[in-house]
Amino acid sequence: MKLLKPLIVTALTLVLLSYLLPTVSYLNWTTIVLASLVLTILQKLIRPVLNILFLPVNIITLGLFSVVINVFLLWLVTFLVPGLEIKPMIIGSVSLNQFFSLLVISFLISLSQSVLSFLL
């Protein structure tokens, strides 16, 4: 149950974001299941290792480098899962490139995951 809850929360988050944002799209439900599995594994296994490796940089930047780690993990998910796509987005009249688009999506994923984890 400890691994099933984050998997369900991540899948619900990805479906919710793809419904609300036109820049997040997926091919089918298999893609969502695979993307949530890969993202959960990366968050549980790879993120702690990266946090330890980049601890000096994270200390110097007062914790802001963890945002770059989150963006990298999200980019890795879009690279590894073929049907998941996050396109550059436009906020207001400002066109964001891929990095800043992933940054906004990463923030929204962590926000919605925390809310859904609280509710479930």
Quick one: which residues, 5+ away or cross-chain, put their amide H under 5 Å from the amide H of M89? H built at 1.01 Å from N.
L96, S101
Stokes-Einstein translational diffusion, segment 24-86 - Kirkwood Rh over all Cα pairs, 1.306 mPa s, 10 °C, in µm²/s
128 µm²/s
Rounded to whole Å, √(5λ) for the Cα gyration tensor eigenvalues of segment 4-115, largest first, gives 22, 19, 12
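Can you give the calculated 222 nm mean residue ellipticity of the chain, where each DSSP H run of n ≥ 4 adds -39,500 (n - 2.57) and the sum is split over every residue, rounded to the nearest 500 deg cm²/dmol?
Helix-only estimate at 222 nm: -21500 deg cm²/dmol.
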Taking the chain as a Gaussian network, Cα atoms linked when under 10 Å apart, which of S95, S66, S18 shows the biggest mean-square fluctuation?
S95
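When the Kirkwood radius is taken over all Cα pairs of segment 58-120, what Stokes-Einstein diffusion coefficient follows at 10 °C and 1.306 mPa s, in µm²/s? List each step's numbers first, then the result.
Working: Rh = 13.0 Å.
Roughly 122 µm²/s, to the nearest whole number.
Readers should treat all values here as calculations from the given coordinates under stated rules, not as data from a laboratory. This structure is a prediction, so every number in the text was calculated from the model and none was measured.
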